[in-house]
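Read the structure below first, then the notes.
The values are calculated or read from the model by the stated rules, or taken from the named source; none is laboratory data. Predicted, not measured: the structure shown is a model, and the values here were computed from it. Heads up, the Cβs are rebuilt from the backbone with ideal geometry, glycines too, and the neighbour counts pull from every protein chain shown.
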Amino acid sequence: MVAKVRQLATSDDDWAEDVAALKTPVLILVGDADGMRLTHAVEFFGLLGGGKADGDMVGLPRASLAVLPATTHVGWAPPYHGIMTRIHLLLPIITEFLDSSMRDGQA
């Protein structure tokens, strides 16, 4: 069973087509020491139109990417900085994302 869980945790799924088809605003949150590779998060961001052009010139994409510093996925090891423990970082990011989505009528 441990081998099966390890295989699932270390294998990549190809979600590119499904991610690119999303039409709603998307907030991608990842820690800089997360089990989800940053390159994977950036790839998803790109599939959603992010990182393609200067937002000041062409407007913002429908996706947002936030990389939390000194943050892991679950925080099992010291200093226990899993994403869900980083409330002081998450609240302003999530609030801005939800407010802008509601304001733009995208929610």
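Residues of segment 1-34 that are assigned to a helix (DSSP H, G or I), of a type in the set (A, V, I, L, M, F, W, C) and over 18 Å from the mean Cα position of the chain (by Cα): VAL2, ALA3, VAL5, LEU8. When restricted to residues that are surrounded by 11 or more Cβ atoms within 10 Å (Cβ to Cβ) and either of a type outside the set (Val, Ile, Thr) or in contact (Cβ under 8 Å) with a residue 40 or more places away in the chain (or both), segment 55-83 contains 17.
Would you check if ASP34 is surrounded by fewer than 14 Cβ atoms within 10 Å (Cβ to Cβ), of a type in the set (Asp, Glu) and at pLDDT below 95?
No; evaluated as a whole, the condition is false for this residue.
Answer yes or no as to whether VAL42 is closer than 23 Å to THR95 by Cβ, surrounded by 14 or more Cβ atoms within 10 Å (Cβ to Cβ) and either among the acidic types (Asp, Glu) or within 14 Å of the chain's Cα centre (by Cα) (or both). For VAL42, the condition - closer than 23 Å to THR95 by Cβ, surrounded by 14 or more Cβ atoms within 10 Å (Cβ to Cβ) and either among the acidic types (Asp, Glu) or within 14 Å of the chain's Cα centre (by Cα) (or both) - is not met.
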